[in-house]
1. Considering only region 110-139, state which residues are touching a residue at least 40 places away in the same chain (Cβ under 8 Å) and within 18 Å of Glu232 (Cα to Cα).
2. Out of Ile85, Ile60, which single residue is of a type in the set (Val, Ile, Thr) and without any contact (Cβ under 8 Å) to a residue 40 or more places away in the chain?
3. Every residue in region 22-57 that is within 15 Å of Ala213 (Cβ to Cβ), loosely packed, with under 15 Cβ neighbours inside 10 Å and of a type in the set (D, E, K, R), please.
4. Out of all the residues in region 85-105, which are in contact with a Phe, Trp or Tyr (Cβ under 9 Å, 6 or more places away or on another chain) and crowded, with 20+ Cβ neighbours inside 10 Å?
5. Checking the condition aliphatic (A, V, I, L, M), without any contact (Cβ under 8 Å) to a residue 12 or more places away in the chain, at negative phi and assigned to a helix (DSSP H, G or I), which residue from Val209, Val165, Val214 passes?
6. Hey, can you tell me all the residues within region 1-41 that are basic (Lys, Arg) and touching a residue at least 24 places away in the same chain (Cβ under 8 Å)?
7. Among the residues of region 106-120, write down those that are closer than 12 Å to Glu142 by Cβ and either small (Gly, Ala, Ser) or surrounded by 21 or more Cβ atoms within 10 Å (Cβ to Cβ) (or both).
8. For region 26-79, which residues satisfy the criterion of being under 20 Å from Asp92 (Cα atoms) and more than 20 Å from the chain's Cα centre (by Cα)?
Amino acid sequence: MYGAILGDMIGSPYEFDRSPKTKEFPMFRKDSLFTDDTVMTVAVAEALMKVDADAPEEQICEELVFQMRRWGRRYLNAGYGARFIGWLLSGDPKPYGSYGNGSAMRVSSAGWLYPELSETRRIARLTAIVTHNHPEGVKGAEAAASAIYLARTGSGKEEIRDYTVSEFGYDLSRTCDTIRPAYRHVESCQKTVPEAITAFLEGTDFEDVIRTAVSLGGDCDTLTCIAGSIAEAFYGVPESYILECRSRLPDDMLNVLDRFDTRIGRTTSEEN
């Protein structure tokens with residue numbers, strides 16, 4: 001999940017069309033801080049670690065709702081959209097037909113936790129439908145989680161591209177140079193997920209994917225969160241970036257990250 005969280009942090013100062021539209025920018029600034037993308041990434045990860053994949057889908061959804069609302073209320077000023085705030089504070093939270101990119105930015109843990117792609121997609125769908133039950137919202141979550149799964153299990157970029165196009169119908173024919181000039185802040189899956197995957201496909205290493213994603217602009221923290229989550233699975237994350245990420249997170253989030261790393265069999269230098 002470090003890739004997703006780093007993407008959120010590094011992209012956050014450039015959200016709302018404040019991107020430099022270039023790959024030349026400082027990777028970390030004083031205001032490179034986590035937002036709602038990170039809070040919900042952590043919440044979904046905690047939920048998925050607490051319930052078995054073979055549990056009834058209703059039980060998995062209940063745990064997702066519980067953890068998302070628990071974490072969301074803990075960090076209520078993290079930058080959520082108005083409809084999601086309403087869901088967080090509702091006495092009877094129900095899905096609200098959203099196709100926003102929130103379903104894709106919070107799904108990264110689903111790409112790591114399961115041994116089969118079919119299972120990954122099924123769980124990704126559940127992480128979406130508790131709020132984002134519009135077909136495009138579900139598709140965005142499944143596409144992001146599938147790309148992570150394929151990247152971490154050895155697929156090449158062409159295979160990831162082909163699977164994404166054939167299964168989800170996203171247009172990945174445009175280059176970042178084509179996208180960049182006119183791209184603006186849009187919070188839908190259909191206008192964020194393809195751009196994030198394209199940034200990953202064009203990037204040459206983890207840092208270059210992050211820089212490429214930020215350079216596109218738009219909903220920069222979320223786009224870079226999604227691109228970074230795939231880049232982590234494909235390239236790994238430099239240890240110095242992990243340490244920088246950890247230095248900007250509170251202890252409760254670090255606790256979830258450490259348990260997640262234990263679950264997937266990964267250690268960092270701080271744990272050795």
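The values are calculated or read from the model by the stated rules, or taken from the named source; none is laboratory data. A quick note: this is a predicted structure, and the numbers were derived from the prediction, not measured. Cβ placement follows ideal geometry from the backbone for every residue including glycine, while neighbour counts extend to all protein chains displayed.
1. Ala110, Gly111, Trp112, Leu113, Tyr114
2. None of the others qualify; the one that does is Ile85.
3. Listed by number, the list holds a single entry, Glu24.
4. The answer is Trp87, Ser98, Gly100, Gly102.
5. Val165
6. Once the filter is applied, which keeps residues that are basic (Lys, Arg) and touching a residue at least 24 places away in the same chain (Cβ under 8 Å), region 1-41 yields Arg18, Lys21, Lys23.
7. Across region 106-120, the qualifying residues are Val107, Ala110, Gly111, Ser118, Thr120.
8. Glu57, Glu58, Gln59, Glu62
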